[in-house]
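Read-outs throughout are calculated quantities, based only on the coordinates presented, and are distinct from any laboratory measurement. None of these values were measured; they are calculated from a predicted model. Cβ: placed from backbone, ideal geometry, glycine included. Neighbour counts: every protein chain shown.
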Number of protein chains: 2
Amino acid sequence: MRKVQRLAIIGVGLIGGSLARALREADVVGEVVGCGRDSAHLQRAQALGVVDRWMTNPAEAVTGSDLVVIAVPVGAMCDLFKTIRPALAPQAIVTDVGSTKLGVIAAAREAFGKLPASFVPGHPIAGTEQTGVEASFAELFQGRRVILTPTPETDPVATRRVRELWQQTGAQVSEMDPRHHDQVLAATSHLPHVLAYALVDHLAAMDDRTEIFAYAAGGFRDFTRIASSSPEMWRDIACANREALTAVLDGYLQDLQQLREAIAAGDGEAIVTVFRRAKQARDRLIELAGPNAGASA
Amino acid sequence: MRKVQRLAIIGVGLIGGSLARALREADVVGEVVGCGRDSAHLQRAQALGVVDRWMTNPAEAVTGSDLVVIAVPVGAMCDLFKTIRPALAPQAIVTDVGSTKLGVIAAAREAFGKLPASFVPGHPIAGTEQTGVEASFAELFQGRRVILTPTPETDPVATRRVRELWQQTGAQVSEMDPRHHDQVLAATSHLPHVLAYALVDHLAAMDDRTEIFAYAAGGFRDFTRIASSSPEMWRDIACANREALTAVLDGYLQDLQQLREAIAAGDGEAIVTVFRRAKQARDRLIELAGPNAGASA
């Protein structure tokens, strides 16, 4: 495939850094320019060989780049779009890695006036609870899913190009309507994060928290792993996707309240019915996904 | 230490099987007698070298045993206590591995008329979502916590003996009031299980469940791992510990409802406050426990 001549990564963290590494390893990128707010962090990215050059001015970073990847928290995207708008080359393709898509599309529409044909909204479903360029690695996307949510305004040529690039990282790329993306991710990713954060916070406020945490075993650690994720990133996601998240959370709360009644009443039949259905569904999921479809958020 | 001459394991599953293996490896047990309802399963336990002999009659199994370990679901304990009562040698020590303690103690009191001095209620906080003797291994308890909850009726000599045996498996043994045990475990273990079961069941009932599960990544898999645990075992635990479980679930529901309002309102400050407190608490927990305080429930 045709090489990217200059790739600008705005936000050189776990995702942006891993993408740069993966595209370098696949030898499909010429120069990689990194951009962010923290010079020390960007220096480390350069020292690690993730980027060739770096700068803190996004407009400067996108100047002369033929591919721009926005990997900043979704709450920061609108301002960023506004900043880079005047400096973008007409033929430059812009994509993002945000965990919610309707909000990012709205931000782009606001910043650009109308949605640019060269903007391809995307979301790699990969990550760990780690953050930062130090945690980045070229294999992060191998076997992972990447969802592109092109809009009616998006140029199919741009979408194809972004798809090809993600495929070079070893990812499985699919397309989805942005609203549907947000609903699916609210259920499988955003809701679990909210539940895990709320649980740890609730227990941490209890009188015997020291003892509680001392006796917390592996099940609890697994269950709450995602509560070690970046609070700021997840605040942005929760806010950006609040419609879909609130909807699925309300449904869950209703089910949980019902289960609570069954527990309070000691209704073993009702309890085991829920537990059995859940175990069946999860065991089927694991079977379908394969036992090693490992660490990602 | 003095060897156990004949150990009877009632319920040769993951926990019972692993305990037998560990005590054998530590060379602190003579003969191991296994008991359960399923002959084929017990034959496998014998073939695996976990037990020397087996039988399906619990009264027969405890006859002549100086240590009896009850490793059946907590819902089955009362009947079991009644069955073994006439066959227990006067000096035989009885302990259990149930995940709730007040319920087991009540069952013993009911079955025996009064609590036997030789009964030491216990709970190894170890396990995986796997079940069955095939999953058992001698190292399961290494570095894990075992909580003993002796009652005023319990003979301290019996408690010391059970403590020593668990220490031989590499476990850290501590003592706790049974009611407090049930509260702590409701928070760190029973509540997460209920939340995970309820989540998977809720998503499995959604129209786009196939797509939802297809895009579920590692975060979701970790979060829901405990929903692959035995539904019957967890029904028993939820019923046996319904008082403490309902209390902590109600507190959690209240907090979650509040967080839901913050999300619906897009109140980033309120959201990030919860998320930050949770991340801090969890990161501290991991620091205290060490990164490899691995797989256990």
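Along the positive direction of the dipole of region B:129-228 (beta-carbon charges: Lys, Arg +1; Asp, Glu -1; about the Cα centre), which of B:A216, B:G170, B:L140 reaches farthest?
B:G170
Calculate how large, on average over all directions, the projected area of the Cα convex hull of region A:181-289 is; give the answer in nm² to one decimal.
For region A:181-289, averaging the hull's shadow over all directions gives 8.6 nm².
Can you pull the mean other chain C-beta count within 10 Å for peptide B:242-249?
Mean shielding by partner chains, rounded to a whole number: 4.
Given charges of +1 on the Cβ of Lys and Arg and -1 on the Cβ of Asp and Glu, with all other atoms neutral, how large is the dipole of chain B about its Cα centre, in debye to the nearest 20?
In debye, rounded to 20, chain B gives about 760.
Counting only other chains, what is the mean number of Cβ atoms within 10 angstrom of the Cβ of each residue in peptide A:121-127?
Shielding by partners across A:121-127 averages 2.
Taking all pairs of distinct Cα atoms, average 1/r, flip it, and tell me the Kirkwood hydrodynamic radius of region A:46-175 in Å to one decimal place.
15.3
Summing Lys, Arg as +1 and Asp, Glu as -1, what charge do residues with Cβ under 13 Å from the Cβ of B:D208 carry, B:D208 excluded?
Result for the local shell: -2.
Report, by chain and number, residues whose modeled amide H sits under 5 Å from the one on A:S118, excluding near sequence neighbours (fewer than 5 apart, same chain).
HN-HN under 5 Å from A:S118: A:D155.
What list of ³J(HN,Hα) couplings, whole Hz, do you get for region B:262-269 from phi and the Karplus terms 6.51, -1.76, 1.60, once you set θ to phi - 60° and write x for glycine and proline?
Per-residue couplings from phi come out as 4, 5, 4, 7, x, 7, x, 4 Hz.
For the rotation taking chain A to chain B, which residue of A has the Cβ nearest the axis, and how many Å away is it?
A:D222, 2
Just want to confirm a number: the relative contact order over region B:181-289, from Cα pairs under 8 angstrom separated by 6+ residues, in percent.
Result for region B:181-289 is 33 percent.
Which of these, B:G132, B:G34, B:G98, has the largest mean-square fluctuation under a Gaussian network model of chain B (Cα springs below 10 Å)?
B:G132
Measure out, as a whole number of angstrom, how far apart the alpha-carbon centroids of region A:204-240 and region B:203-273 sit.
A separation of 13 Å, based on Cα centres.
Tell me the volume per residue, in Å³, of the convex hull enclosing the alpha carbons of the protein assembly as shown.
148
Measuring from a point 7 Å out along Cα→Cβ, what nm distances, shortest first, does B:D255 have to its partners in the other copies?
2.2
Taking θ as phi - 60°, what are the ³J(HN,Hα) couplings along region B:237-252 by the Karplus curve (6.51, -1.76, 1.60), each to the nearest whole Hz, with x for Gly and Pro?
Result, rounded to whole Hz: 5, 4, 5, 5, 10, 5, 5, 5, 5, 4, 4, 6, 5, 5, x, 5.
Given a cut-off of under 8 Å on Cα pairs at least six residues apart, what relative contact order in percent is computed for chain A?
17
What residues qualify as long-range amide H neighbours of B:G98, i.e. H under 5 Å apart, gap of 5 or more or another chain, H built at 1.01 Å from N?
B:G122
Residues with amide H under 5 Å of A:W54's amide H, sequence separation 5 or more or different chain, H placed in the peptide plane at 1.01 Å from N; which?
Amide H neighbours of A:W54: A:G34.
Between copies, how close do the B:R85 label points come, placed 7 Å along Cα→Cβ, listed in nm from shortest?
8.1
About its Cα centre, what dipole magnitude does region B:4-176 give when the only charges are +1 on Lys and Arg Cβ and -1 on Asp and Glu Cβ, stated in debye to the nearest 20?
For region B:4-176, the charge dipole is close to 220 debye.
If you look for lysine pairs in the protein assembly as shown that are eight or more places apart or on different chains, how many of them have Cα atoms under 22 Å apart?
Lysine pair count for the protein assembly as shown: 6.
Could you give me the ³J(HN,Hα) list for region A:210-215, computed from phi with Karplus coefficients 6.51, -1.76, 1.60 and θ = phi - 60°, whole Hz, x at Gly and Pro?
4, 5, 4, 6, 5, 9
Among A:V32, A:I226, A:F275, pick out the residue whose Cα is farthest towards the positive end of the charge dipole of chain A, where Lys and Arg carry +1 and Asp and Glu carry -1 on C-beta, about the Cα centre.
Result: A:V32, furthest along the dipole toward the positive end.
Quick one: net charge of A:G98's neighbours, Cβ under 13 Å, K/R +1, D/E -1?
-2
From the label point of B:E287, set 7 Å from Cα along Cα→Cβ, how far away are the matching label points in the other copies, in nm, ordered shortest to longest?
When each copy's label point is compared with this one, the spacings are 4.4 nm.
Size of the dipole of the protein assembly as shown about the Cα centre, Lys and Arg at +1 and Asp and Glu at -1 on the beta carbon, nothing else charged, in debye to 20?
780
Once every DSSP H run of n ≥ 4 in the protein assembly as shown is given -39500 (n - 2.57) and the sum is divided by its residues, what mean residue ellipticity at 222 nm do you get, rounded to the nearest 500 deg cm²/dmol?
-15000 deg cm²/dmol
Working out 0.36 nm times the residue gap between A:Q5 and A:Q91, then minus their Cα-Cα distance, what length gain in nm do you get to one decimal?
Answer, rounded to one decimal: 29.7 nm.
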